[in-house]
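The values are calculated or read from the model by the stated rules, or taken from the named source; none is laboratory data. If you're wondering where the values come from, they're calculated on a predicted model, not measured in any experiment. Note that each Cβ is placed from the backbone with ideal geometry, even for glycine, and that neighbours are counted across all protein chains shown. The accessibility values were calculated without ligands, DNA or RNA, using every heavy atom of the protein model including side chains. Shrake-Rupley method; radii C 1.70, N 1.55, O 1.52, S 1.80 Å.
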Amino acid sequence: MIQKLKFHQTEEYMIDEFVYNTLKEFSVNLNKEIAIVLNRKGRIEEVIIEKKEFAELENQDSFPKKAALIFTRLSSVSHPSMLDLSTLIMKKYDYVMTISLKTEEATIAFWGSLLKEVETVGPHKIEYFYNLDISSKISEVDEKQREREKIHETLTEKDERALLVDVWPKSSSELDRHLLEELESLCKTAGVKVVDTVVQVRRSIDPAYFIGRGKAEEILSICQQKDIDVVIFNRELSPAQIKNLEELLLRKVIDRTDVILDIFARRAKTKEGKLQVELAQLLTLLPRLRGTGVLLSRLGGGIGTRGPGETKLEIDRRHIQRRIEEIKKELEKVKKNREVQRKSRIENQVPVVSIIGYTNAGKSTLMNRISKADVLVEDKLFATLDTTTRRVYHKGREFLLTDTVGFIRNLPHHLVEAFSSTLEEVKYSNLILNVVDISDPYYYDHIKVSEDLLKQLGAENIPLIRVYNKIDKVDISSVDVFDNVPYVFVSAQDGRGIDTLLDMIVERI
Ligand SMILES: Nc1nc2c(ncn2[C@@H]2O[C@H](COP(=O)(O)OP(=O)(O)OP(=O)(O)O)[C@@H](O)[C@H]2O)c(=O)[nH]1
Ligand SMILES: [Mg+2]
């Protein structure tokens, strides 16, 4: 049968009578379901006999990107199942056709021309499809896809113009101001141009618009005057508030979490890093999807819509749920791997020292200084997303030094969860270095944020040294040292204090 089908070419990129009869004959005789893959010329590229779930066809790379999947069902079900639809979506087929051999009826599922949902034709008797002109439908979809890619490109090419919105309590403090500045540098890192900032002082939060409808209308007029593309809130918005605000402001509305996620999405390099970012994005996205509809695009592209790598976040709820499970499984594997490595380290008795600290504190610079590793150092938030480990020797002692992702106040809950496999490493270290940028006026606050997170990770009982960094920038006599935690003053940049730090490390491991 394979020979018979392999060199056959169907008309119009559709099933024909010959193919149908052949499929039927062999399906019935073998009592097995059969699938074929058609390329765009209508040639049969592949014949697959009874894979229970065609969605699990894994050698997706050998498929041309654009192709159709046609398969038989022995039962009387002739409409596509959830699984069939997710095959269509995930494997990027042009269309998927389900044929019931019992009823001789079939249904095809394909992307609608708005690219927002899946359309179906059928169930109809199989003969109906022999003359169906699917090619023009498909080219319509292609055309739309190209247009959208163009829009996406222009949007990502030019810097997006953002309006920042914050809500402060009646008794606002310096810290509120600081957090707003922090959002501004997050935006800078994410490549967004901050055009204006609106701060509202209010006692309570409006459940529908967060800021109250009057203020929201005021913001709309600012957006129109200043050609704003995106409105960024410095507080966490509920899914309903995002929806209401987007409807009123006619612009993309995102919050602080989205900005951080966006930065993470651009920066994740390793497979694990990417998986973790994707997981965090999906966990954030899920509660924002309402109903069972297919959410295919938030307004436009740009910030808040990027996935790790080049993929955009265009996924429906079921698919998300499945993907979340998939990622968790993969991360579980990574974790197992880590455990094995950890065991062998324990057996070899090589102590582990972890560098943690607020983002931009100088962790990677310190790592490079100590181990001469080449870790990306940048005056940007979250330069490091993937952990790096290096072997260090000092005074006849050996230890492993690990650089980690930076901490930040209000680190999105989903990120902590998603990055747990990376952050978990900290829990198994013999010593923790909390790197603190003392040139930042809020350094004490940063110490607290980082050490609170250690508590959350269950790492609060591990010996810790506070490494007060950047002493080349400030006069250390003006620096207060808090609590009874061991500390050292260093400049990771010019090397001052590093020997003392190394001595302190080997004393403690
Ligand atoms: N003046 C001075 N600048 C420093 C020192 N250490 C680091 N920096 C600068 O601080 C910025 C951040 O340094 P990184 O080492 O990337 O900081 P990080 O903590 O790894 O940051 P993330 O990975 O983004 O969380 C860079 O511009 C460094 O050059 C220091 O001792 N003195
Ligand atoms: Mg770093």
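With the highest mean first, a sort of the peptides 176-187, 495-506 on other beta-carbon atoms found within 10 angstrom per residue produces 176-187, 495-506. The residues packed around D503, meaning those with a beta-carbon under 13 Å from its beta-carbon, carry a net charge of +1 if Lys and Arg are +1 and Asp and Glu are -1. Taking all protein chains together, L411, L250 sort by accessible area into L250, L411, largest first [probe 1.4 Å]. Taking each of K188/K473; K144/K252; K226/K269; K24/K144; K269/K395; K343/K448 in turn, the alpha-carbon distance tops 28 angstrom for K226/K269; K24/K144; K269/K395; K343/K448.
Sorting H124, H79 by solvent-accessible area of protein heavy atoms yields H79, H124, largest first, with a 1.4 Å probe.
For region 156-260, the relative contact order comes to 35 percent (Cα pairs under 8 Å, sequence separation of at least 6). Residue ranking by accessible heavy-atom surface, 1.4 Å probe, largest first, among R391, R342 comes out as R391, R342. Applying 1/(1 + (r/R0)^6) with r as the Cβ-Cβ distance of F482 and E424 and R0 = 35 angstrom yields a FRET efficiency of 0.80. If R0 equals 25 Å, the separation of the Cβ atoms of K271 and R391 corresponds to a calculated FRET efficiency of about 0.65. Accessible surface for W111 stands near 50 Å², nearest 10, in the context of the full protein assembly shown (1.4 Å probe).
When peptides 470-478, 219-227, 398-406 are ranked by their average number of other Cβ atoms within 10 Å per residue, the highest-first order is 398-406, 219-227, 470-478. Full extension of the chain between Q225 and V199 gives 7.6 nm of extra length, using 0.36 nm per residue less the Cα-Cα distance.
For D475 and E326, FRET efficiency with R0 = 56 Å and r from the beta-carbon atoms, rounded to 0.05?
It comes out at approximately 0.60.
A simple packing score, the average count of other Cβ atoms within 10 Å per residue, orders the peptides 261-270, 444-453 as 261-270, 444-453, with the highest score first.
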